[in-house]
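Okay, so here's the structure we're looking at.
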Amino acid sequence: MLHTACIMKTKRAAETLAVTTKVVLPNDTNQLGNLFGGQLLAWMDEIAAVSAHRHCRRVVVTVAINNVAFKSPIKLGDIVTLEAKVSRSFTSSMEIFIDVFVEDRITGVKTKSNEAIYNFVAVDQNGSPIEVPELVPESDDEKKRYDGALRRRQLSLIIAGKMKPDDATELKALFSH
C-alpha cells in the first residue's frame, strides 16, 4: 500500500544535483592499479542516494541498477568527480543518472569515464513505499534523460513480467516510425 506523506510539490531536476569528489587510493584498486568496479558502484550508490533524498526529503532505498557503463579505467591517484541527478520520478520511485569524470592532474580538464542509472524508492518508517514529488526537467539534457526514463522503465517492467509489451506505448513509438 502506498502512503502519501504530505502534499506533493514538484521539484526541478537541478534541485536534485549531488556532487562528490574522491581520490583513488591504493586500497581502492586492483592488481592492475585500476579502481575496483565494485568501489565505483558503491560511490555511485552513495551519491545517487543523496540525489534521490534531495528530491523527496525522505528515506530512500536502492531497488535497481539499470545500467552501468565502464568506458575507461580509472587509475590509482586519479581525482574522480561523480555527479548525480534525478532524471525522472514516478509514483514512489526515482531514476537517478550518475556521470563519472576523471580530472587530468596537470590541466584540470575533466573527462567523462563512466555513467550509471540507479533506481530508488522512497519509504516511510515501516519500509512501505511513499509518494514522491513530480520531477520537472528544464535543460535539454534533463528533458532527454526524462523522456528516456519512461522507456527504460517500461522495458524493465516487461522484462520483470509486470507489463505486457503491447502496453509499452513509449517503446512501441520507437519502432513505429
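Restricting the stretch 90-102 to residues that are within 21 Å of residue 143 (Cα to Cα) and aromatic (Phe, Trp, Tyr) leaves a set whose member that is surrounded by the fewest Cβ atoms within 10 Å (Cβ to Cβ) is 90.
Scanning the stretch 22-66 for residues that are in contact with a strand residue (DSSP E or B) (Cβ under 8 Å, 6 or more places away or on another chain), more than 20 Å from residue 127 (Cβ to Cβ) and polar (S, T, N, Q) yields a count of 4.
Scan the stretch 149-165 and tell me whether some residue there is charged (D, E, K, R), more than 21 Å from residue 87 (Cα to Cα) and over 16 Å from the mean Cα position of the chain (by Cα).
Residues of the stretch 149-165 charged (D, E, K, R): 151-153, 162, 164.
Narrowing the set further to residues that are more than 21 Å from residue 87 (Cα to Cα) leaves 162, 164.
Okay, now just the ones that are also over 16 Å from the mean Cα position of the chain (by Cα), so 162, 164.
Looking for residues that are charged (D, E, K, R), more than 21 Å from residue 87 (Cα to Cα) and over 16 Å from the mean Cα position of the chain (by Cα), one finds at least one in the stretch 149-165, hence yes.
Where strands (runs of 3 or more DSSP E) fall wholly inside the stretch 1-104, the ranges with 3 or more residues that are closer than 26 Å to residue 129 by Cα and of a type outside the set (D, E, K, R) are 59-70, 79-89, 93-103. For the stretch 159-169, the set of residues classified as surrounded by fewer than 16 Cβ atoms within 10 Å (Cβ to Cβ) and more than 16 Å from residue 119 (Cα to Cα) consists of 161, 162, 164, 165, 166, 167, 169, listed by residue number. Considering only the stretch 144-154, I want to know if a residue exists there that is surrounded by 15 or more Cβ atoms within 10 Å (Cβ to Cβ), at pLDDT below 95, of a type in the set (S, T, N, Q) and farther than 30 Å from residue 33 by Cβ. Yes: one or more hits. Would you mind stating whether residue 105 is surrounded by fewer than 19 Cβ atoms within 10 Å (Cβ to Cβ) and either over 30 Å from residue 9 (Cα atoms) or among the charged types (D, E, K, R) (or both)? For residue 105, the condition - surrounded by fewer than 19 Cβ atoms within 10 Å (Cβ to Cβ) and either over 30 Å from residue 9 (Cα atoms) or among the charged types (D, E, K, R) (or both) - is met. Determine if the stretch 128-141 includes at least one residue that is surrounded by fewer than 18 Cβ atoms within 10 Å (Cβ to Cβ), modelled with pLDDT of 95 or more, of a type in the set (Gly, Ala, Ser) and more than 14 Å from the chain's Cα centre (by Cα). Yes; the residues of the stretch 128-141 include at least one that is surrounded by fewer than 18 Cβ atoms within 10 Å (Cβ to Cβ), modelled with pLDDT of 95 or more, of a type in the set (Gly, Ala, Ser) and more than 14 Å from the chain's Cα centre (by Cα). Residues in the stretch 98-149 that are touching a helix residue (DSSP H, G or I) at 6+ places or on another chain (Cβ under 6 Å) and aromatic (Phe, Trp, Tyr): 118, 120.
Residues 42, 14: which one is among the hydrophobic types (A, V, I, L, M, F, W, C), under 26 Å from residue 138 (Cα atoms) and exposed (fewer than 14 other Cβ atoms within 10 Å of the Cβ)? I'd like the intermediate steps shown before the answer.
Values: 42 fails: under 26 Å from residue 138 (Cα atoms).
So the residue among 42, 14 that is among the hydrophobic types (A, V, I, L, M, F, W, C), under 26 Å from residue 138 (Cα atoms) and exposed (fewer than 14 other Cβ atoms within 10 Å of the Cβ) is 14.
Is it the case that some residue within the stretch 77-89 is surrounded by 18 or more Cβ atoms within 10 Å (Cβ to Cβ), more than 22 Å from residue 136 (Cα to Cα) and in contact with a Leu (Cβ under 8 Å, 6 or more places away or on another chain)? The answer is yes, given that some residue of the stretch 77-89 is surrounded by 18 or more Cβ atoms within 10 Å (Cβ to Cβ), more than 22 Å from residue 136 (Cα to Cα) and in contact with a Leu (Cβ under 8 Å, 6 or more places away or on another chain). Counting the residues of the stretch 111-132 that are over 20 Å from residue 64 (Cβ atoms) and of a type in the set (Ser, Thr, Tyr) gives 2.
Does the stretch 115-147 hold any residues that are among the β-branched types (Val, Ile, Thr) and part of a loop (DSSP other than H, G, I, E, B), and which are they?
So in the stretch 115-147, the residues among the β-branched types (Val, Ile, Thr) come out as 117, 121, 123, 130, 132, 136.
Result: 132, single match.
The values are calculated or read from the model by the stated rules, or taken from the named source; none is laboratory data. A quick note: this is a predicted structure, and the numbers were derived from the prediction, not measured. Note: ideal-geometry Cβ built from the backbone for every residue, glycine included; neighbour counts use all protein chains shown.
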